[in-house]
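Here the structure comes first, spelled out in structure tokens, and everything after it is commentary.
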Amino acid sequence: MSARKTQVLSIIADFDQDERGMRPLDLKKQMNLDKSTVTYHLNQLEKDKYITSVKVGRSKFLDITDKGLELLENDEIENPVKASCGNCGDSYASFEEAKNCCTETDEEVKASK
């Protein structure tokens with residue numbers, strides 16, 4: 001499996017902000033990728049039964065399957081990049097690190113105005 005698909009699986013598995021699962025939009029923002037790229041990978045992962053999706057109203061929620069979890073446990077990729085900063089594009093091992101990347105810079109910019 002490609003490193004990118006492993007990265008997507010890892011992010012979905014680690015997502016705990018909504019009990020219904022992760023939305024594709026959340027994944028797009030976290031990975032800093034085009035919607036079409038994220039959709040492509042999600043379709044492939046769902047076709048191969050590594051993830052499932054449930055439509056609730058206008059939103060779609062993703063969850064990892066047992067098959068997907070098993071793949072992550074057996075995968076030999078060390079320290080995959082899990083998130084990128086939406087501002088500068090730097091790579092981080094967790095969403096929290098990426099989310100906090102440019103926070104100080106943003107606050108300094110606001111303070112200087």
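The values are calculated or read from the model by the stated rules, or taken from the named source; none is laboratory data. All values reported here derive from a predicted model rather than from experimental measurement. Cβ sites come from the backbone with ideal geometry, for glycine too, and all protein chains shown count toward neighbours.
Residue 33: of a type outside the set (S, T, N, Q), at pLDDT below 95 and assigned to a helix (DSSP H, G or I), yes or no? It would help to see each step written out before you state the result.
On the way: of a type outside the set (S, T, N, Q): yes; at pLDDT below 95: yes; assigned to a helix (DSSP H, G or I): no.
The answer is no for residue 33.
Does region 28-50 hold any residues that are within 21 Å of residue 97 (Cβ to Cβ) and out of contact with any Leu (no Cβ under 7 Å at 6 or more places or on another chain), and which are they? Explain how you work it out, then say what you get.
Step one: filter region 28-50 for residues within 21 Å of residue 97 (Cβ to Cβ), giving 28-33, 38.
If the condition is that a residue be within 21 Å of residue 97 (Cβ to Cβ) and out of contact with any Leu (no Cβ under 7 Å at 6 or more places or on another chain), then 28, 29, 30, 31, 32, 33 are the ones that fit.
Give me a count of the residues in region 1-30 that are of a type outside the set (Asp, Glu) and in a loop (DSSP other than H, G, I, E, B).
First pass over region 1-30, keeping only residues of a type outside the set (Asp, Glu): 1-13, 15, 17, 20-25, 27-30.
Filter once more, keeping what is in a loop (DSSP other than H, G, I, E, B): 1-2, 15, 17, 20-21, 23.
The total comes to 7.
So, of the residues in region 54-92 that are aliphatic (A, V, I, L, M), closer than 21 Å to residue 26 by Cβ and modelled with pLDDT under 70, which turns out to be surrounded by the most Cβ atoms within 10 Å (Cβ to Cβ)?
83
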